[in-house]
1. Checking the condition over 29 Å from ALA190 (Cα atoms), more than 15 Å from the chain's Cα centre (by Cα) and not β-branched (Val, Ile, Thr), which residue from TYR93, TYR106 passes?
2. Could you tell me whether any residue of the stretch 178-188 is in a helix (DSSP H, G or I), surrounded by fewer than 23 Cβ atoms within 10 Å (Cβ to Cβ) and at pLDDT below 95?
3. What are the residues in the stretch 40-65 that are touching a Gly at 6+ places or on another chain (Cβ under 7 Å) and either of a type outside the set (A, V, I, L, M, F, W, C) or more than 20 Å from ALA125 (Cα to Cα) (or both), if any?
4. If I filter the stretch 19-40 down to residues being in a helix (DSSP H, G or I) and farther than 25 Å from GLY63 by Cβ, which single residue comes out as farthest from the chain's Cα centre (by Cα)?
5. Could you tell me whether ILE76 is at pLDDT 95 or above, among the aliphatic types (A, V, I, L, M), outside any strand (DSSP E or B) and within 21 Å of HIS57 (Cβ to Cβ)?
6. Could you tell me which of the residues ILE129, ILE140 is modelled with pLDDT of 95 or more and not in a helix (DSSP H, G or I)?
7. Given the criteria in contact (Cβ under 8 Å) with a residue 12 or more places away in the chain and among the aliphatic types (A, V, I, L, M), does VAL98 qualify?
8. Here's a check for you: in the stretch 76-95, which residue that is surrounded by 17 or more Cβ atoms within 10 Å (Cβ to Cβ) and not β-branched (Val, Ile, Thr) is farthest from CYS171 (Cα to Cα)?
Amino acid sequence: MPMKDWISQYVNSQKAALDSIPVDAVENLVELLKKALLEDRQLFVFGNGGSAANASHFATDLGKGSSDIIGRRFRILSLNDNVSWLTALGNDYAYEDVFVRQLQNYARPGDLAMTLSVSGNSPNAVKAIEWAGANGLTTIALVGKKRGRLAEVAQNVIVVDSDHFGRAEDCHMGICHMLCYAFMEIPRIAEE
């Protein structure tokens, strides 16, 4: 296949994945973030691999960009960003505990836990979301077409209709950008 054809096919597949994002579900997440902001709740976000990078990017954009524009501070923390703690937990317990054990230190009922996972089956994300739901947190999962266990245990789920990791991760980051830019471009929503 000529490279131009492959690129065109990739772009068309990416457009289809973007078109699968449920607008109402994203709007619901905006409302959850607004409620968390107004109630001074903490938001924890986490994932593995590319999803870890997306979680960190989201925390930066919401914590700095959105907060700067609206003049109120989102309390958001990416659980991927403390390497010494992650490696201590992974080494001393198990890799599946690297997120849940951080939540046990930080989280309080009423806070939010959000994970990004294309497979929907990352054991550490599933364990953390199960614990969060059992301990009074609002749970959110952005997953890919296969949905996985996270789609069963999270209270708020957005499924991107692709099992291609790159396309699904791009869509997850797009959703995260929508969540941030809703507050950056329509700052009055933080006051309503």
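1. TYR93
2. Yes, the stretch 178-188 has at least one match.
3. Selection gives ARG41, ASN54.
4. Among those that are in a helix (DSSP H, G or I) and farther than 25 Å from GLY63 by Cβ, it is ASP19.
5. Values: at pLDDT 95 or above: yes; among the aliphatic types (A, V, I, L, M): yes; outside any strand (DSSP E or B): no; within 21 Å of HIS57 (Cβ to Cβ): yes.
It is false that ILE76 is at pLDDT 95 or above, among the aliphatic types (A, V, I, L, M), outside any strand (DSSP E or B) and within 21 Å of HIS57 (Cβ to Cβ).
6. Numbers: ILE129 fails: not in a helix (DSSP H, G or I).
Only one candidate qualifies: ILE140.
7. yes
8. By that ranking, first place goes to LEU89.
The values are calculated or read from the model by the stated rules, or taken from the named source; none is laboratory data. From a predicted model like this one, the values you see are computed outputs, not experimental measurements. Heads up, the Cβs are rebuilt from the backbone with ideal geometry, glycines too, and the neighbour counts pull from every protein chain shown.
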